[in-house]
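Notes for the one structure printed next.
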Amino acid sequence: MNNKAITLRPRLPYSGVRRFFSSWRQDMKLQFRHHFYSAYLLISIAYIILLRMLPDTYQAKLNVLLTFSDPSMLGFFFIGGLILLEKGQHIHDNLFVTPHSPASYIWSKTISLTCLSLISSLFIHISTFGIHQRIGAFIAGVTLTAVFFTLVGLGVAVRCHTINGFFFSSVVYSTILVLPVLEILQVYTSKLFLLFPATGSLLLLTSVFEPISGADSVYAVSSLLIWIGIAFYWAYSSLQSNILGDAKGGRDA
Amino acid sequence: MIEVNQLRFKYPRHKDFTLKGLDFHIPQGEIFGFLGPSGAGKSTTQKILIGMLKRYEGSVRIMGKQLKDHGRDYYNAIGVAFEFPNFYSRFTALENLDLFRSLYDVKTEEPKKLLARVSLEEYGHMKVSDFSKGMKMRLNLCRALMHRPDILFLDEPTSGLDPVNAKTVKDIILQLKSLGNTIIITTHNMNVAEEICDRVAFIVDGEIRLIDAPRALKVREGKKAVRLEYREGTALRQADYQLEGIGDNESFLRLLRNGSIETIHTQEASLDQLFIQVTGRTLT
């Protein structure tokens, strides 16, 4: 018998970073293979046509609502599809007997779907309004909103066993989370909406057309970052208990 | 390599312990088999050893360190092939191997070379959804080997394989052992255990009833006798002879001399028989 050393082998340089980017690339490839990108190309074209058909006075408000409710929130629904697909193919056990950590898994999925949100939103926005000075606020709004909703979608999806179960739960979660839209639609206003992450999202997206104060910008970004932190913690705990088997006496690594 | 002492485990909301105080040591370079019926605790033991179940009691030392103290680096050193070979079905075999390969922090094997080892080189660009169970099982082994693990955990490694591919898999396992790798096999299949395991443990109801080399068990627990089948005229006859003093047994020597013997078999116990004898259970 070859009596070789039994210590852990040295890791390749920057292995954590390399693994994360590789996982991100693989997630995007998986989304591409499942036609997420072609589906959103068609949807984006449909939105562009719709926006161009509207009078100029409605374009801005509709762009804000469309961007918030669809491309920014697409991660919420698509992450459900991805997680349930992986659950159906029983792939998680195999993924987590590699050095791939649950946190890295969550972020690579979240960032890859955020890329899709951003590409789709920018395609719609630039096709309608062109490139302008406030595009940075738009990108920040879409990115932070997409990250938040994808994390929440992941937390919901890992608790569900079927697509139907996911859609039922997602209606409950998304209805509550998008309540501040009522204010934009001038249906209902409340100071409590300031506590909702969607208020920050809508503020940033609206600021593209109606500049907001520095304090409002700080509030919007800070609120979304805090909510992202909460959503990540919730998604992480949900993954631990529902996928990694903590509820069944599972692991905590 | 692996030292387990007083390992106990209870699933949440279960009244009884699934593992009731297991003790075993597996040295480096050994092929060790866990044998037992469904629900005996084999898979739970494997899940603990691969870090999937953490809330156990007792001591599990692997590579000189408590398992609980290993970080995710541990997965660079172990390879796992689960019983059910699950992959991304819309990806090809090579795409799947590339994906899993990218998750390791150490040098990995070239996926095409691995596919060639299990005779799948022609199917690298085929989607896994079009693979048969046997092909997936071989791909499963490739995935477990791609980062050259020191310890390999294989659950029913020859399940669903035809005899030729089963032999290929067994040869790969034996080759890995010759390179100093430690291999832990969980199986119902006594033939696999007899052929390749250095030692086996019988697990029943969360307890290890017996641990030893398959040959030693068979010889120790079997009858020390031979059974002959021979022709007498046109009739087929059978006779058993004790090994002790067989060289002076006239009846046996006469049969040897007259050339009527068709078969001779020693009467050591098979692992199947032994398992039933020790545990009172069958391996189903």
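Filter region B:53-98 for residues that are farther than 30 Å from A:Arg33 by Cβ, of a type in the set (D, E, K, R) and free of Cβ contacts under 8 Å to residues at least 12 places away in the same chain; which is farthest from the other protein chains (Cβ to nearest Cβ)?
Per the stated criteria, the residue is B:Asp69.
May I ask you to say which residue of B:Lys42, B:Lys65, B:Lys10 is surrounded by 19 or more Cβ atoms within 10 Å (Cβ to Cβ) and assigned by TED's automatic domain parsing to the domain that holds B:Ser102?
Among B:Lys42, B:Lys65, B:Lys10, only B:Lys42 is surrounded by 19 or more Cβ atoms within 10 Å (Cβ to Cβ) and assigned by TED's automatic domain parsing to the domain that holds B:Ser102.
Would you confirm, using the coordinates I've provided, whether B:Glu268 is surrounded by fewer than 15 Cβ atoms within 10 Å (Cβ to Cβ), of a type outside the set (Lys, Arg) and in a loop (DSSP other than H, G, I, E, B)?
no
Inspect all residues belonging to region A:76-94 and state whether any of them is of a type in the set (Gly, Ala, Ser), touching an Asp or Glu at 6+ places or on another chain (Cβ under 9 Å), within 15 Å of A:Thr150 (Cβ to Cβ) and assigned to a helix (DSSP H, G or I).
no
For region B:228-252, name all the residues that are loosely packed, with under 13 Cβ neighbours inside 10 Å and not in a loop (DSSP other than H, G, I, E, B).
Hits for region B:228-252 are B:Glu232, B:Ala235, B:Leu236, B:Gln238, B:Asp240, B:Gly247, B:Asp248, B:Glu250, B:Ser251.
Can you give me the number of residues within region B:203-227 that are outside any strand (DSSP E or B) and either buried (at least 16 other Cβ atoms within 10 Å of the Cβ) or not hydrophobic (A, V, I, L, M, F, W, C) (or both)?
Result for region B:203-227: 11.
Could you list, in sequence order, all residues of region A:129-179 that are under 20 Å from A:Asp216 (Cα atoms), surrounded by 14 or more Cβ atoms within 10 Å (Cβ to Cβ) and among the polar types (S, T, N, Q)?
Within region A:129-179, A:Thr143, A:Thr145 qualify.
Name the one entry in B:Arg8, B:Arg13 that is within 29 Å of A:Leu239 (Cα to Cα), in a strand (DSSP E or B), more than 7 Å from chain A (Cβ to nearest Cβ) and not small (Gly, Ala, Ser).
After ruling out the rest, the residue left standing is B:Arg8.
Restricting to region B:167-202, give me the number of residues that are in a helix (DSSP H, G or I) and touching a residue at least 12 places away in the same chain (Cβ under 8 Å).
14
Filter region A:148-161 down to residues that are at pLDDT 90 or above and not in a helix (DSSP H, G or I), then give me how many there are.
Counting residues in region A:148-161 that are at pLDDT 90 or above and not in a helix (DSSP H, G or I) gives 3.
Can you name the number of the only condition in (1) in contact (Cβ under 8 Å) with a residue 60 or more places away in the chain; (2) surrounded by fewer than 22 Cβ atoms within 10 Å (Cβ to Cβ); (3) within 14 Å of chain B (Cβ to nearest Cβ) that A:Phe96 fails?
Result: A:Phe96 fails condition (2) only.
Is there any pair linking a residue in region A:47-64 that is hydrophobic (A, V, I, L, M, F, W, C) to one that is modelled with pLDDT of 85 or more, with Cβ under 6 Å and at least six apart or on different chains, and which?
Qualifying pairs under 6 Å: A:Ile48/A:Ile124; A:Ile48/A:Ser127; A:Leu51/A:Gln59; A:Leu51/A:Thr128; A:Ala60/A:Phe209; A:Val64/A:Leu205; A:Val64/A:Thr206.
Only residues that are at the interface with chain A (Cβ under 7 Å from one of its Cβ atoms) and of a type in the set (Asp, Glu): list them for region B:99-115, please.
B:Asp105
Hey, can you tell me all the residues within region A:180-193 that are surrounded by fewer than 19 Cβ atoms within 10 Å (Cβ to Cβ) and aliphatic (A, V, I, L, M)?
Those that are surrounded by fewer than 19 Cβ atoms within 10 Å (Cβ to Cβ) and aliphatic (A, V, I, L, M): A:Leu182, A:Ile184, A:Leu185, A:Val187, A:Leu192.
Table: residues versus (1) in contact with a helix residue (DSSP H, G or I) (Cβ under 6 Å, 6 or more places away or on another chain); (2) away from chain B (no Cβ under 14 Å).
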{"position": "A:Gln26", "(1), (2)": "yes, no"}
{"position": "A:Lys29", "(1), (2)": "no, no"}
{"position": "A:Ile49", "(1), (2)": "no, yes"}
{"position": "A:Thr67", "(1), (2)": "yes, yes"}
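Every residue, every condition in (1) part of a helix (DSSP H, G or I); (2) within 14 Å of chain B (Cβ to nearest Cβ), yes or no:
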{"site": "A:Ala146", "(1), (2)": "yes, no"}
{"site": "A:Ile176", "(1), (2)": "yes, no"}
{"site": "A:Gln186", "(1), (2)": "no, no"}
{"site": "A:Leu205", "(1), (2)": "yes, no"}
{"site": "A:Ser217", "(1), (2)": "yes, no"}
{"site": "A:Ile228", "(1), (2)": "yes, no"}
{"site": "A:Ala235", "(1), (2)": "yes, no"}
{"site": "A:Leu244", "(1), (2)": "no, yes"}
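In region B:53-71, what count of residues is obtained for those that are in a loop (DSSP other than H, G, I, E, B), over 11 Å from B:Leu19 (Cβ atoms) and at pLDDT 90 or above?
The qualifying residues number 2.
Residues are listed down the side, and each one gets a yes or a no for (1) touching a Phe, Trp or Tyr at 6+ places or on another chain (Cβ under 8 Å); (2) farther than 30 Å from B:Arg215 by Cβ; (3) not polar (S, T, N, Q):
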position: B:Tyr11; (1), (2), (3): no, yes, yes
position: B:Asp23; (1), (2), (3): no, no, yes
position: B:Thr45; (1), (2), (3): yes, no, no
position: B:Lys68; (1), (2), (3): no, yes, yes
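The values are calculated or read from the model by the stated rules, or taken from the named source; none is laboratory data. Note that the structure is a prediction, hence the values are computed from the model and not measured. Note that each Cβ is placed from the backbone with ideal geometry, even for glycine, and that neighbours are counted across all protein chains shown.
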